[in-house]
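The values are calculated or read from the model by the stated rules, or taken from the named source; none is laboratory data. Note that the structure is predicted; figures quoted are calculated from it, not measured. Cβ placement follows ideal geometry from the backbone for every residue including glycine, while neighbour counts extend to all protein chains displayed. Keep in mind that these areas ignore ligands, DNA and RNA; they rest on the heavy atoms of the full protein, side chains included. Shrake-Rupley method; radii C 1.70, N 1.55, O 1.52, S 1.80 Å.
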Amino acid sequence: MAEKAYLSYYGERNIIPVRQDIENLPRHMARRQALYRHLGIQPLALRGCAVLEFGPGTGDNALYTASCGPALYVLVDGNPASNCALAEKIEQGLLPRDRIECRAADIREYADTRRFDVVLCEGVIPMQADPAGFTSHVASFVAPGGILVITTMSPASILAEICRRVLKPFFTSLSLEEDRLFQELVRFFQPDLRSLPGMSRRHEDWILDNILNPWPRHCTFTIPQAIDTLDQEFDVLGTSPCFVQDWRWYKSIPEHAQGWNDITRAEYNRWAEYLLDYRARPGSPGRLPMANLDAACEHAVEIQHNIWHSNSLESVPDFLDILRRIGEMVKGEMSGTAGAIEDFSEGVKQLLEGSPAPNFRNFRAWFGRGQQYVSFTRRAA
Ligand SMILES: C[S@@+](CC[C@H](N)C(=O)[O-])C[C@H]1O[C@@H](n2cnc3c(N)ncnc32)[C@H](O)[C@@H]1O
């Protein structure tokens with residue numbers, strides 16, 4: 001049977017490895033409010049609305065959405081563990097029973113005659129076999145004038161994770177029991193994850209989802225691809241990170257040759273190289289042709305896919321070679337990132353030489369922008 005993105009891996013293990021730290025609930029809510037603000041969605045915009053969320057997982061993020069007071073909140077997930085977690089939250093009174101509808105379904109087959117003011121689909125689309133088709137399906141449930149929120153991933157934004165995935169065969173070659181292997185991975189990546197300010201996800205879950213999850217060969221879907229998919233009926237409303245500068249005089253906008261989507265595409269091309277490293281504080285637009293950087297990163301993703309799935313180290317030199325080229329490309333503007341890439345290669349060489357304690361130095365603190373968020377509005381009919 002064909003692998004279903006997320007559903008096969010999560011379902012076989014009965015897991016939902018996206019648990020957020022909600023011990024400090026006000027902090028969690030503040031993080032979500034900040035995200036929604038980037039997306040142009042103030043809490044009042046949700047009050048009394050009909051909201052549909054695809055792939056809510058644990059429902060941790062739904063806590064915030066529900067707190068904004070939608071009149072109806074439909075949650076659709078195809079993973080039994082997600083549906084149990086949602087039922088538990090309703091049982092505990094964390095999600096309002098009278099306004100929530102939970103549907104256990106494959107999103108791709110989900111049908112509903114209702115149209116919704118807000119449709120959310122976070123952390124689901126880029127790994128799907130047909131991300132554009134999946135996006136169009138999800139978007140079809142948005143009412144005219146309504147809002148759609150999705151997430152994207154670019155080859156550059158996930159390169160740091162891709163490097164970490166390349167390390168998996170080094171661990172599997174130790175022939176440890178499954179549990180020991182897992183504990184070793186958690187121990188090994190702890191310095192990396194601890195370096196991330198605002199990390200709100202359990203380290204164990206991050207390992208399950210980012211190192212052990214068999215990602216498909218094509219695991220990216222970029223903001224321009226999302227815009228191309230939705231161009232006919234939707235306009236970009238906001239993004240997180242916020243990179244769009246729009247200096248048009250508002251009175252000129254209705255006559256302006258460039259629409260919201262064109263502006264976002266152009267701005268994306270100016271800033272997207274900084275998705276490579278979350279630590280970058282871009283003062284001026286990047287100078288690299290984005291297509292070259294993304295093509296090189298996409299090549300790295302492909303080599304990683306072979307290394308990961310064959311559990312073989314044979315192609316590791318090819319991976320290091322493409323990384324060296326990426327490092328060369330970015331060293332002028334992102335010297336810290338280029339240094340992290342060099343340190344990764346050095347650590348891998350030490351591993352290949354059999355070192356039990358390879359030193360990955362400054363690679364440890366390098367992460368990309370992972371997933372980006374985009375909100376769209378559906379043009380009124
Ligand atoms: C990576 S998790 C993201 C969870 C949550 N939205 C978040 O951002 O923390 C992906 C979620 O989407 C669900 N999912 C993915 N593909 C699906 C599909 N085709 N049908 C139904 N649910 C799906 C998974 O079961 C899981 O709960």
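Observations, loosely collected:
- Qualifying positions in region 300-359 - in a loop (DSSP other than H, G, I, E, B), in contact (Cβ under 8 Å) with a residue 24 or more places away in the chain and within 24 Å of Arg187 (Cα to Cα): Asn311, Ser312, Leu313
- Residues in region 162-179 include none that are more than 14 Å from the ligand (Cβ to nearest atom) and touching a strand residue (DSSP E or B) at 6+ places or on another chain (Cβ under 8 Å).
- Of all residues in region 113-126 being more than 8 Å from the ligand (Cβ to nearest atom) and open to solvent by 20 Å² or more (accessible area, probe 1.4 Å), the one that is nearest to Ala62 (Cα to Cα): Asp117
- Here Asp294 fulfils each of the conditions (1) open to solvent by less than 40 Å² (accessible area, probe 1.4 Å); (2) over 30 Å from Val244 (Cβ atoms); (3) of a type in the set (D, E, K, R) apart from (2).
- Restricting region 34-79 to residues that are hydroxyl-bearing (Ser, Thr, Tyr), within 12 Å of the ligand (Cβ to nearest atom) and crowded, with 21+ Cβ neighbours inside 10 Å leaves a set whose member that is farthest from Pro144 (Cα to Cα) is Thr58.
- Set Leu293, Leu237, Leu275: member being under 21 Å from the mean Cα position of the chain (by Cα), in contact (Cβ under 8 Å) with a residue 60 or more places away in the chain and not in a helix (DSSP H, G or I): Leu237
- Extreme residue, farthest from the ligand (Cβ to nearest atom), among residues of region 12-33 that are among the polar types (S, T, N, Q) and more than 21 Å from Tyr373 (Cα to Cα): Asn24
- Only residues that are among the β-branched types (Val, Ile, Thr) and farther than 30 Å from Ala338 by Cβ were counted across region 228-275, and they come to 4.
- Residue within region 361-372 that is open to solvent by 30 Å² or more (accessible area, probe 1.4 Å), modelled with pLDDT of 95 or more and on the phi > 0 side of the Ramachandran plot present: yes
- Of all residues in region 12-38, those that are part of a helix (DSSP H, G or I) have Cβ atoms under 8 Å from Cβ atoms of residues that are surrounded by fewer than 13 Cβ atoms within 10 Å (Cβ to Cβ) and not aromatic (Phe, Trp, Tyr), 6 or more apart or on another chain, in Arg31/Gly198; Tyr36/Gln42.
- Exclusive hit being open to solvent by 20 Å² or more (accessible area, probe 1.4 Å), touching a strand residue (DSSP E or B) at 6+ places or on another chain (Cβ under 7 Å) and more than 16 Å from the ligand (Cβ to nearest atom), set Arg99, Arg103: Arg99
- Per the listing Pro254, Pro214, the residue uniquely closer than 24 Å to Cys297 by Cβ, surrounded by fewer than 19 Cβ atoms within 10 Å (Cβ to Cβ) and not small (Gly, Ala, Ser) is Pro214.
- When Glu328 is tested against (1) surrounded by 15 or more Cβ atoms within 10 Å (Cβ to Cβ); (2) more than 22 Å from the chain's Cα centre (by Cα); (3) closer than 22 Å to Arg281 by Cα, just one condition goes unmet, and that condition is (1).
- For Val51: the one exception among (1) farther than 25 Å from Pro197 by Cβ; (2) touching a residue at least 60 places away in the same chain (Cβ under 8 Å); (3) part of a loop (DSSP other than H, G, I, E, B): (3)
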